[in-house]
Structures are given as structure tokens and as C-alpha cells.
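A short worksheet on the structure shown next.
The values are calculated or read from the model by the stated rules, or taken from the named source; none is laboratory data. Model, not experiment: these values are computed from the prediction. Quick reminder, even Gly has a Cβ in these numbers, built from the backbone with ideal geometry, and neighbours come from all protein chains shown.
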Amino acid sequence: MSSAVLSGDVAPANASIPFSPVTQAVIHRYGGAEEIELEAVSLPAPGVGEIRVRHTAIGVNFVDVYHRTGLYPLPALPAVLGVEAAGVIEAIGAGVEGLHVGQRIAYAGPPAGSYASARNLPAARAVALPDDVADDTIASLLLRGITTHMLLSHVRPVKAGDTLLVHAAAGGLGLVLVQWAKALGARVIGTVGSPAKAELARLHGLDHAILYRDEDFVGAVKDLTGGQGVDYAIDGIGGATLAATLGVVRPYGMVASIGQVAGDSGPLDLAQLGPARSIALSRPGVFRFMADLARYREGAAATLARLQSGLQASVGEVLPLTRVADAHRLLESGRSSGAILLRP
């Protein structure tokens, strides 16, 4: 993966293009999907250390919902949503090296603003794309890939023979976690909401699917592990699910809480963790991980390497940018499988 190197001695490649008309999906206040508005604006020329990227595919993530509702407040309002996209560089600001106009790139993480036909972006966040990685593929899983790398390499390094529990195993992140963990030699148990989702997850390598609406996942996990529990559980659901998940981890195992789709679980009693239980609870944040540029590049490089060694993207829906509110409603409904993309 190549990266942009900043140097104040390089002149802008196309300073003669001062403005670019774009469509943006903006919120002026926090709330429901109906708060998202489409606005036409003109972008200025990219500034020092920036590029302008014309998007070809935009990823939709649950963090976008958290931003929209204000659960994770944005720096200021009004704001353009979105933290992941792929596209083509169409202008370069002063001081940018290692990138060129017409180059395909992707990016993930803050600053938010990917729900747009084009945007100006810090050049250091650009990830140059190899020819064999499609725009839709990388836009559907760059953030998820970096998250997975963080979870399986930094939060708790996973090794061959480990047993993992992945909640929402047929979701966009779940399918990446399943495949990546299997490539590391782990056994993976996953919870899913329907037989169709169970089949999708199995096609991506899941060893055991638990239909959580039909059976108690705690009992099912205990049965599948001979009463011992899993080494590592990854929960993006929150609420009562997180509290229950603490009961399926074996001594000296770990639960990583990475989301709260079902709401906040409330205060947790440390007695649920140890010393009798002797388990760890982690609350890792991928944005904090990616704030370190070296880790961001490491995670992006790991994602590209996994793609080139067989990681499969699963795109469930592709909607036009004009239907961004519908994309949010679909994601929140729990009816989606795989990733959701927006097409500018």
C-alpha cells in the first residue's frame, strides 16, 4: 500500500480547477433517518495536504447511524455523514506526493463526509488500490477490515485452535470476522437471525450458526464447547446481549464490546468478570485505533492482503445516494445481510 507524503515544496497539480459541484447528504440536527437532507454545494480546490476524490462507491456503517442520532456526536452541525468510500482522485492540493490525478483510492474513518458525490480529504488517509481490488469491494469492507485487524491482532491476538463467538455473524462486519478468524485457524460460532442468514454465514466459513430467536445462545454455546465456553466473544449488539455474553467465555477469555445496536447494557457488576470468573472485558474503538496513522496504514494493508488471499466481500444492497435515508432504515431494521453501499 502506498501512502501520501506531505512536502510543502510541491505545487498543486490542478490549481486551475477551483470548484467542483457535488451532492452531499447532510444533517442539521440529530434524529431519525428523516433528518438526512440532500444538498448541492461547490467544493473549493483541495487545500495543502488534501486531495479531491470523486466517489464511485460509499460504504454505510452503523457508526453513521450513531452519528446521525447523536449517540456519537459529530464535531459540529450541519455535517455530512459517512466515514468510508472509494473513488478516483480528480484534484491534488499543494504538498501532496505519492498520489496522482486519476488514481483509484479508498479511505475509512474520520473526518466524516463520505456521503457525497465528491469531497476534499486529507491525503494521508488515502489508500492506493491495486488493480485487482474493485471499488465496491473495498468500499464495503475497508472499515470492517481495519476493525477486524484491530480485534484479532491487537485487542486479543487470535491463534489456531481458539474458539470465537461472533454476534450478527451474517452482517457486514460479522462476515469479515468469520472469514478472517477462520484464516487464522480459529473455530467460529455465530449468532444469526434467520435460516437464510445462517446459510450465508456458513458459506463464508462459519462453523456453527445459532438462531438466537429460536434458541438460547448461552446454552447453545455451552453445548458446543463442552461447557467450557469460548476463548473470545465479539459483541456489537449491546444491551442484554452483552450481559449474557459474559456468561459464555471461559476463564481468562475476553469479551470485546464494539457496538450497542440494542442499546446500552447499563452498569456492569465487576463480579461478573472475576476473580471467580477471571475474564476480561474490552471496549475498543476503531476510530481511536485509526487515529494513529501507522496503525491505520497497517490495518488497511492487512485488509488488502486478506482480499488478495481470498477474503470475500458480501454486498447485500446497493442504493443510490438519493436513497440514503432508506439505507439507514434498512440497516437499523436488522433485515440486511452483508454490506450496504450507496452509489453517487
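So here's what we get for this one:
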| item | result |
| --- | --- |
| Top-ranked residue of the stretch 229-243 - restricted to ones that are of a type in the set (Gly, Ala, Ser), within 20 Å of the chain's Cα centre (by Cα) and in a loop (DSSP other than H, G, I, E, B), ranked as surrounded by the most Cβ atoms within 10 Å (Cβ to Cβ) | 236 |
| Close pairs from the stretch 208-229: first closer than 12 Å to residue 191 by Cβ, partner hydroxyl-bearing (Ser, Thr, Tyr), Cβ under 7 Å, at least 6 apart | 210/191; 212/191; 217/191 |
| Residue in the stretch 155-168 that is crowded, with 22+ Cβ neighbours inside 10 Å and at pLDDT below 95 present | yes |
| Which numbered condition residue 64 fails, given (1) assigned to a loop (DSSP other than H, G, I, E, B); (2) buried (at least 19 other Cβ atoms within 10 Å of the Cβ) | (1) |
| Qualifying positions in the stretch 271-303 - in a loop (DSSP other than H, G, I, E, B) and more than 15 Å from the chain's Cα centre (by Cα) | 273, 274, 275, 276, 277, 278, 279, 283, 292 |
| Flag if residue 339 is under 20 Å from residue 147 (Cα atoms) and either in contact with a strand residue (DSSP E or B) (Cβ under 9 Å, 6 or more places away or on another chain) or not in a strand (DSSP E or B) (or both) | yes |
| Failed item, numbered, when residue 20 is tested on (1) crowded, with 19+ Cβ neighbours inside 10 Å; (2) modelled with pLDDT of 95 or more | (2) |
| Pair list, Cβ under 8 Å, 6 or more apart: the stretch 38-54 residue in contact (Cβ under 8 Å) with a residue 24 or more places away in the chain and assigned to a loop (DSSP other than H, G, I, E, B), other residue loosely packed, with under 14 Cβ neighbours inside 10 Å and of a type outside the set (Val, Ile, Thr) | 45/15; 45/18; 45/19; 48/8 |
